[in-house]
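Worksheet: the structure to be examined is printed underneath.
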Ligand SMILES: [Zn+2]
């Protein structure tokens, strides 16, 4: 096991809790300045992000999402996402779904934000892709969100919303396959 994964798992064991919103996730709260308690709009959108970088020691794999976890708990800044899906499929929840995370400027109020630990030039790992499909399927079912790529009521990439981050979530996986697998999964639930 790599040193970084060990550090992450030690941290999660020490301070993580079982997620109330999604049983496959470990909850580790974001810093209080990093999200807004409550919601001013009903949830109708899932915004998918890629961290754009990851912690990687030379020749050590897989990389892990410690940077994102640290960033969302930092005394500085105010960003967050509801969930982080790491390279090894570990899902860390940092903001409750009933609260508003700060991940997509004008689209935070009605959305759930999910970070995938990766670079823009890397594909998601197979297990990361699968865990993402499972989480998003469950959210679509819970909040009656349509399984289509749509920026108002559906699932979208951050890059679909932001001119400043055009690569965020747009090219790190095959969208056609992603939506199809969610549809197939929902058909069996
Ligand atoms: Zn993003």
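Applying the condition of being modelled with pLDDT under 95 and more than 12 Å from the chain's Cα centre (by Cα) to segment 75-104 and asking which residue is nearest to residue 162 (Cα to Cα) yields 77. Scanning segment 8-31 for residues that are in contact with a strand residue (DSSP E or B) (Cβ under 8 Å, 6 or more places away or on another chain) and part of a helix (DSSP H, G or I) yields 8, 12. Please find, within segment 151-164, the residue that is surrounded by the most Cβ atoms within 10 Å (Cβ to Cβ) out of those that are in contact (Cβ under 8 Å) with a residue 12 or more places away in the chain and not in a helix (DSSP H, G or I). The extreme case among them is 155. Number of residues in segment 135-145 that are in contact with a strand residue (DSSP E or B) (Cβ under 9 Å, 6 or more places away or on another chain) and farther than 10 Å from residue 179 by Cα equals 5.
For segment 166-179, a residue qualifies if it is free of Cβ contacts under 8 Å to residues at least 12 places away in the same chain and within 16 Å of the ligand (Cβ to nearest atom), and exactly one does: 166. Residues that are modelled with pLDDT under 95 and either in contact with a helix residue (DSSP H, G or I) (Cβ under 6 Å, 6 or more places away or on another chain) or within 16 Å of the ligand (Cβ to nearest atom) (or both) within segment 123-161 comprise just one, 124. Note on segment 103-116: residues that are more than 11 Å from the ligand (Cβ to nearest atom), assigned to a loop (DSSP other than H, G, I, E, B) and under 20 Å from residue 32 (Cβ atoms) amount to 2. Among the residues of this structure, residue 49 counts as one that is within 13 Å of the ligand (Cβ to nearest atom), assigned to a strand (DSSP E or B) and buried (at least 17 other Cβ atoms within 10 Å of the Cβ). In segment 32-61, of all residues being in contact with a strand residue (DSSP E or B) (Cβ under 8 Å, 6 or more places away or on another chain) and under 22 Å from residue 174 (Cβ atoms), the one that is modelled with the lowest pLDDT corresponds to 54.
The values are calculated or read from the model by the stated rules, or taken from the named source; none is laboratory data. Since we're looking at a predicted model, the values are computed, not measured. FYI the Cβ positions are ideal-geometry reconstructions off the backbone, even for glycines, and counts take in every protein chain you see.
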